Every structure is written in C-alpha cells, then in structure tokens.
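Structure first, commentary second.
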Amino acid sequence: MQADHHTDFLIVGAGFSGLVVAERLASHGWNCVVVDRRPHLGGNAWDRSDAAGVRFHPYGPHYFRTNSHRVREYLSRFTDWHETRYTVNSHTHGRDWSFPVNLITFEQYLGRPSTTDEFEAWLAQRRIPITHPANSEEAILAKVGREFYELFYEGYTLKQWRRHPRDLDASVCARIPIRTTRDDRYLDESFQALPANGYTTLFENLLAASPRVTLHLGVDFDEAKVRWKHRHLVFTGAIDEYFGRRFGPLPYRSLRFEHESHDAETLRQRVAISGKPGFWQPVLQVNHPDPSVAWTRTVELKHATGQQLDSTVVTREFPKDWTPDDEPFYPVPAPDAREAYLRYARLAAEESNTSFIGRLATYRYYNMDQVTAMALNEADKLIDHYGSH
C-alpha cells in the first residue's frame with residue numbers, strides 16, 4: 001500500500017493524549033490526522049447512555065480530579081462540569097465499610113463512636129515502622145497495620161493484579177488516602193468533577209474546535225503509517241506494540257465489564273439496601289476484596305453524574321488476565337515489568353520525529369489530568385520545535 005495522503009502530524013490514539021495534542025497543534029496552524037482502531041473516540045474514557053438515558057462508562061469508572069489549574073482551565077474550554085463527591089464502600093466480612101480508611105471505618109470496626117485522637121493512638125500502636133516501603137504491602141502496613149491491611153487491601157490487590165501486594169510497587173496501594181477524620185471522600189484532589197454532559201461530548205467539542213484535525217476510526221497504526229506521510233508521529237498506544245513486541249509483550253492487566261440497567265420498579269425494591277430512592281447501591285462504588293466474589297467492584301455512576309432519572313446502570317468489573325488480543329488497561333507496576341519496559345524505552349529514545357505519550361506509551365499508571373498535562377507539555381515542545389504554520 002502506498003501513502004495516499006500527507007499530514008503534518010500523525011497521531012495514533014483518540015483518547016485524552018491524542019486529542020489534546022491534536023487540538024493544540026491545530027491551533028497553531030498544523031494539520032493533524034488522528035487515528036484509532038476502535039469504532040469510537042475517547043479511548044477508555046468514552047462514555048454513552050443506555051436506552052433510558054442513563055450515562056455510564058463502558059470501560060469502567062473514570063473519576064476526573066485534579067490540582068492543576070492549567071489542566072482544569074484548558075479542559076473547561078470544552079465542557080462544563082458537574083462537581084461531585086466520589087464515595088466508596090468496601091464490602092467484606094458480610095458488611096459494608098467506609099473506604100478509604102477513615103474515622104468512620106474505625107468506628108465500624110470498634111462498633112461504637114470514637115475520636116480522631118483515639119484512632120491516631122490505635123494506629124500508632126499497630127503501624128509497622130517501615131521508613132522506606134519497598135512494595136505495596138509495606139506501604140500499607142506502615143500506615144494502618146495488619147488488621148486493616150488484611151481487611152481491605154490484600155485480597156483486593158491479589159484479585160485485581162494477580163500479584164501479591166509485596167510484589168507490586170509501593171505506589172499501587174500508597175496512592176489511596178488514609179484519614180483519621182470523618183472525611184470519606186475517595187480522593188484528595190481539590191477539584192473533583194465529571195464533564196456535565198459526559199466525556200464523549202467533551203471529546204466531540206475538542207474536535208469541533210479544531211478544523212485542521214481529521215479523525216479516522218477503525219484504523220490501526222500499521223495501516224495509518226502507510227496511508228499518511230507525516231512530518232512527526234505522536235504515538236499513544238502500547239510501546240511494545242509499536243516495536244512489534246521485539247522483546248516479547250510487556251505485562252498488562254485487562255478487565256471485563258458487565259453493565260446492568262435497572263428500572264424504577266427494581267430500584268423501589270432496592271431502597272432497603274441502597275438507602276436512597278432511585279439508586280441500586282448506597283454509594284458510587286463498592287469494592288469486593290473477598291476472593292469468593294468474582295468481581296472486584298460494582299459502580300453506579302448515577303451517584304456522581306447528577307442525572308435525575310428513575311432508572312440506573314450498574315457496572316460489575318471483573319479482573320482478566322491479559323493476552324495480546326485484549327485491551328491493555330493497566331501497565332503492571334512491578335520491578336520486573338519496569339525492567340522489561342526500559343528495553344523498549346531505550347528504543348523509543350532513538351526514534352526520530354516521534355513522540356511517545358500517555359499511559360501505555362510510557363508504561364505508567366497516570367490519571368486523566370496527568371495525561372492531559374503530559375499532552376499539553378508535549379504540544380508545547382513540538383510547537384517550540386516546529387513553530388507555527
């Protein structure tokens with residue numbers, strides 16, 4: 001196949017990384033072609049609605065949050081926001097617990113009211129003194145001790161990653177906050193919100209603002225690099241795939257999802273469980289650490305979207321061993337995986353006129369705001385290098 005088109009920038013991947021880079025480059029006069037092998041834009045952050053109009057995330061929950069003024073200001077050009085609280089329970093030992101660990105969790109553990117002072121004293125007695133945790137098990141033992149580690153972290157991590165916490169980087173579990181107050185928010189960032197009309201609308205608005213960007217869906221990298229001659233390539237896919245898995249595939253974790261729509265009658269019957277009319281479960285997300293339960297969590301996004309509807313959608317998320325035919329959702333944050341990645345990173349550093357950005361291309365577990373910031377920074381570098389057109 002001969003190249004039949006020319007573009008200034010060929011961008012592989014139509015998620016946050018690719019679309020943000022494309023919009024920034026296009027705003028400086030450069031023509032961009034964005035390709036994605038999936039039939040939709042937005043990557044894993046793509047969302048849609050069921051027949052009743054309930055918005056949900058087909059690839060699992062995407063909780064936007066940030067402390068970055070630049071990222072928030074930039075994305076706010078393309079969406080309004082619905083500010084929200086992401087609240088989570090952990091269902092284990094036959095009951096729901098407030099999670100992440102906070103004073104409410106401690107009171108549930110004691111079976112009586114308590115205070116921050118008592119909780120802090122309790123933690124001080126149970127923490128294992130590890131100054132520099134080498135893995136996720138040590139990271140949590142150093143923060144909350146063995147009881148809460150075994151209740152909430154060990155089983156969930158084993159189920160999700162198919163690796164023991166002691167075999168994963170400390171960052172995997174350490175990123176979850178632990179509080180001695182009644183603050184039960186799942187996340188700490190100052191701005192927590194979802195796009196008011198969904199991520200898909202945000203991405204569509206990004207494209208609409210960029211007439212110099214053309215999007216081609218159902219086109220993979222192998223086809224794209226033949227069809228379009230280009231000045232510079234921005235690659236946001238899996239780095240080992242870019243190099244034909246020369247050193248073998250990197251380890252990833254994949255997922256499987258089941259989405260259930262529930263009508264008003266079902267929800268009326270669930271009120272005793274959810275405690276909230278119009279909802280199937282009491283909070284946005286319920287984790288299931290117990291190995292006897294096949295799924296890792298259930299998510300009812302309507303808790304966070306603010307939609308006023310009589311029906312809902314519940315998503316069950318199942319861990320899945322990754323094969324090259326599956327979507328690679330998570331790079332594995334472990335020393336052996338990092339070493340395998342570095343072999344590809346050394347190849348990437350030798351590529352000319354090519355940028356590698358995003359979670360899969362850099363083999364790092366980034367949040368959406370971090371990926372957006374990376375894309376903005378890379379666009380700045382490219383504009384500095386190539387100028388405005």
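A short reminder: the numbers here are calculations on the coordinates, not readings from a lab. Just so it is clear, the structure is predicted and the values come from calculations on it, not from any experiment. Please note: Cβ atoms are built from the backbone with ideal geometry, for glycine as well, and neighbour counts cover all protein chains shown.
Values for this structure:
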read-out	value
Estimated FRET transfer efficiency when R0 is 30 angstrom, pair Ala294-Leu217 (beta carbons, to 0.05)	0.40
Ellipticity estimate at 222 nm from DSSP helix runs (n ≥ 4, -39,500 (n - 2.57)) divided over the chain, nearest 500	-9500 deg cm²/dmol
Kyte-Doolittle at least -1.0, axis length at least 20 Å by Cα - qualifying DSSP helices, the chain	335-349, 368-386
Förster-model FRET efficiency, 25 Å R0, Lys229 and Glu327, C-beta, rounded to 0.05	0.30
Share, in percent, of DSSP beta bridges within the chain that are antiparallel, nearest 5	60 percent
Stretchable slack from Arg268 to His5, in nm (0.36 nm times residue separation minus alpha-carbon distance)	89.0 nm
Charge dipole (debye, nearest 20) of the stretch 87-236; +1 at Cβ of Lys and Arg, -1 at Cβ of Asp and Glu	520 debye
The stretch 68-132-the stretch 1-62 distance, computed between alpha-carbon centres (Å)	34 Å
Extension gain, Glu83 back to Lys320 (0.36 nm per residue minus Cα-Cα distance, nm)	82.1 nm
Nonlocal Lys pairs with alpha-carbon distance under 29 Å, the chain (8 or more apart, or different chains)	7
Two-site FRET efficiency, Glu258 against Arg182, from Cβ-Cβ distance with R₀ of 45 Å, rounded to 0.05	0.85
Net charge of Cβ neighbours under 12 Å - reference Thr105; Lys, Arg +1; Asp, Glu -1	-2
Residue exposure sequence - Leu202, Leu207 - by fewest surrounding Cβ within 10 Å	Leu207, Leu202
Segment Glu150-Glu339, extension gain: residue separation times 0.36 nm, minus the distance between their alpha carbons	65.1 nm
Per-residue Cβ neighbour rank within 10 angstrom, fewest leading, Ser311, Ser49	Ser49, Ser311
Read-out semi-axes √(5λ) of the Cα gyration tensor in Å, derived from the coordinates shown; its label in (1) 35, 25, 20; (2) 42, 23, 19; (3) 38, 25, 19	(3)
